[in-house]
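K.L.:
Starting off with a structure, shown below.
The values are calculated or read from the model by the stated rules, or taken from the named source; none is laboratory data. This one's a predicted model, so the numbers in the text were calculated from it and none came from an experiment. FYI the Cβ positions are ideal-geometry reconstructions off the backbone, even for glycines, and counts take in every protein chain you see. All accessible areas refer to the heavy atoms of the entire protein, side chains included, with ligands and DNA or RNA removed. Shrake-Rupley method; radii C 1.70, N 1.55, O 1.52, S 1.80 Å.
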Amino acid sequence: MEPVREQILNLQHISYTYHTLQGETLALSDISFSLKKGEFAAIVGPSGCGKSTLLSLICGLLPCTEGQIKINGKPLKESTTNVGYMLQHDELFEWRTIYNNVILGLEVQHALTARTKQRAHELLDIYGLGDFKNARPSELSGGMRQRAALIRTLVLEPELLLLDEPFSALDYQTRLQVGDDIGQIIRNEGKSALLVTHDLSEAISLADRVIVLSNRPATIKQTIPLLFHLEHDTPLNRRSAPEFKNYFNLIWKELNEDEPNVKD
Ligand code: ADP
Ligand code: MG
């Protein structure tokens, strides 16, 4: 039997309402789920349904209107767990070298030590950016930039990674490659991760589980565990496995099932 793994993240009955001059917008309604340590879950849902709002709540940028979020068993406010956040745009600074971009977060957190510097070098070397430490971001391909952004997040040693459509700014070919690449790095490093995407293939090739959200206000329509019978369970191998198409059809159907479309 699989050993019982601790929960790194637990959401109970989360709702969130935006208040603006135009009125109130209910973005999330009664969302509950949890993530175990080392687990990689993908969240898919229509554009504007509340995916980014959900990640903002989990990293504490927005307070829940209702419900409770626990990280490592503690309420979010009391949590000391390091949470890493990676966005669609890599947000690398052109006036800094790749190495100096990678250590930026460490500088801000006053955590730049001989050990963390060495870790930054190590990660850059392991993940193919060793020759680009002194390059400027504009000298790198989109995929390499995204890798540098991930390394900048990883040197802060987050236990939980939140990824908000991190590949969607890349062209299709690059997105496939970089998605697979970054997915493997996260697995290698043994991180727990929550990936928000509107790309079903990306979700199916990378995650242990797909959480399907409805139109706004987002509710959980279905949670689908992904099981592949592969000797080497890699994103690339998953894409050509027979299960892939079945999962794709299942999730596609779930996403597009008729439901009342709540308008503003
Ligand atoms: P997604 O990431 O799934 O595309 P978001 O979480 O960004 O969706 O937004 C969900 C909904 O919340 C949007 O449809 C929008 O109407 C509303 N919303 C998002 N940000 C704000 C904001 N700052 N003020 C008011 N409403 C917002
Ligand atoms: Mg979004």
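K.L.:
For the range 229-241, in order, what is each residue's ³J(HN,Hα) by Karplus, 6.51 cos²θ - 1.76 cosθ + 1.60 with θ = phi - 60°, in whole Hz (x at glycine and Pro)?
P.N.:
Karplus-based 3J(HN,Hα) across the range 229-241 equals 8, 10, 5, 10, 7, 10, x, 4, 5, 4, 4, 9, 7 Hz.
K.L.:
Name the residues whose placed amide hydrogens come within less than 5 Å of the amide hydrogen of Leu9, ignoring near sequence neighbours (fewer than 5 apart) on the same chain.
P.N.:
Those qualifying (amide H under 5 Å, at least 5 residues apart or on another chain) are Leu35, Asn72.
K.L.:
Also: Over the chain, one equal point on each Cα, no solvent: what is log10 I(q)/I(0) by the Debye formula at q = 0.12, 0.17 Å⁻¹?
P.N.:
Debye curve over Cα of the chain, log10 I(q)/I(0) at q = 0.12, 0.17 Å⁻¹: -0.76, -1.41.
K.L.:
Kindly identify the range 69-225 as rounded, prolate or oblate by the Cα gyration tensor criterion: order the square roots of the eigenvalues as a ≥ b ≥ c, call it rounded if a/c is under 1.5, otherwise compare a/b with b/c, prolate if a/b is larger, else oblate.
P.N.:
Working: a/c = 2.07, a/b = 1.32, b/c = 1.57.
Oblate shape, in that a/c is at least 1.5 and b/c is the bigger or equal ratio.
K.L.:
Could you check how much of the accessible area of the chain is carbon and sulfur, as a whole percent, using a 1.4 Å probe?
P.N.:
On the way: 6820 of 13520 Å².
In the chain, the share of accessible area belonging to carbon and sulfur is 50 percent.
K.L.:
Along the Cα→Cβ direction, 7 angstrom out, place labels at Glu6 and Gln184. What is the inter-label distance in nm?
P.N.:
Label-label distance for Glu6 and Gln184, simple model: 3.1 nm.
K.L.:
Tell me which residues come under 5 Å, amide H to amide H, from Glu39 once H is placed; ignore anything under 5 positions away on its chain.
P.N.:
Under 5 Å from the amide H of Glu39: Ala193.
K.L.:
Another question, if that's okay. Take the Cα atoms of the range 89-158, find their three principal axes, and give me the spread along each one in whole Å, biggest first.
P.N.:
28, 22, 20
K.L.:
With a probe of 1.4 Å, find how much accessible area the range 89-158 has per residue, and write the answer as a whole number in Å². Please list the in-between numbers first.
P.N.:
Values: 3440 Å² over 70 residues.
That works out to 49 Å² for each residue.
K.L.:
May I ask for the net charge around Gly179, where only other residues with Cβ less than 13 Å from the Cβ of Gly179 are counted and Lys, Arg are +1 while Asp, Glu are -1? Show your work: numbers first, answer last.
P.N.:
Values: positive: Arg147, Arg175, Arg187, Arg238, Arg239; negative: Glu165, Asp171, Asp180, Asp181, Asp199, Glu202.
Taking every Cβ under 13 Å from that of Gly179, the sum is -1.
K.L.:
Oh, and also: Could you state the angle between the C-alpha long axis of helix 114-126 and the longest principal axis of the C-alpha atoms of the chain, as a value from 0 to 90 degrees rounded to the nearest 10?
P.N.:
Value to nearest ten degrees: 80.
K.L.:
Over the chain, with a Gaussian network built from C-alpha contacts below 10 Å, which listed residue (Asn101, Asn82, Asn246) shows the highest mean-square fluctuation?
P.N.:
Among Asn101, Asn82, Asn246, the largest GNM mean-square fluctuation belongs to Asn246.
K.L.:
By DSSP, what percent of the beta bridges with both residues in the chain are antiparallel, rounded to the nearest 5? Please list the in-between numbers first.
P.N.:
Details: 22 of 41 bridges.
In the chain, approximately 55 percent of DSSP beta bridges are antiparallel ones.
K.L.:
Taking amide hydrogens as modeled 1.01 Å from N in the peptide plane, which residues meet the under 5 Å criterion relative to Ala218, leaving out close sequence neighbours?
P.N.:
Leu28, Ser29
K.L.:
Next question, about the same structure. If I take every Cα pair under 8 Å that is 6 or more residues apart in the chain, average their sequence separation and divide by the length, what percent do I get for the relative contact order?
P.N.:
On the way: 484 pairs, mean separation 65.0, N = 264.
Answer for the chain is 25 percent.
K.L.:
Roughly how tilted is helix 142-154, in degrees to the nearest 10 and between 0 and 90, from the longest Cα axis of the chain?
P.N.:
Roughly 90 degrees, rounded to the nearest 10.
K.L.:
So for the range 105-204, averaging the separation of alpha carbon pairs under 8 Å that are six or more residues apart and normalising by length, what relative contact order in percent results? Write out the running numbers ahead of the final one.
P.N.:
Numbers: 74 pairs, mean separation 27.4, N = 100.
So the answer I get is 27 percent.
K.L.:
If you add up the charges near Leu62, with Lys and Arg at +1 and Asp and Glu at -1, over every other residue whose beta carbon is less than 14 angstrom from its beta carbon, what do you get?
P.N.:
Once all neighbours under 14 Å are counted, the net charge is 0.
K.L.:
Suppose R0 equals 22 Å. What FRET efficiency, 1/(1 + (r/R0)^6) with r the Cβ-Cβ distance, do Gln109 and Ser138 give to the nearest 0.05?
P.N.:
Details: r = 26 Å, r/R0 = 1.20.
Calculated value: 0.25.
K.L.:
Also: Accessible area, 1.4 Å probe, largest first: how do Met144, Met86 sort?
P.N.:
Working: Met144 35, Met86 5 Å².
Per-residue accessible area, sorted high to low, gives Met144, Met86.
K.L.:
A follow-up question, please. Quick one: Cα convex hull volume of the range 138-192, Å³ per residue?
P.N.:
Values: hull volume 4.3 nm³, N = 55.
Normalising the Cα hull of the range 138-192 by residue number yields 79 Å³.
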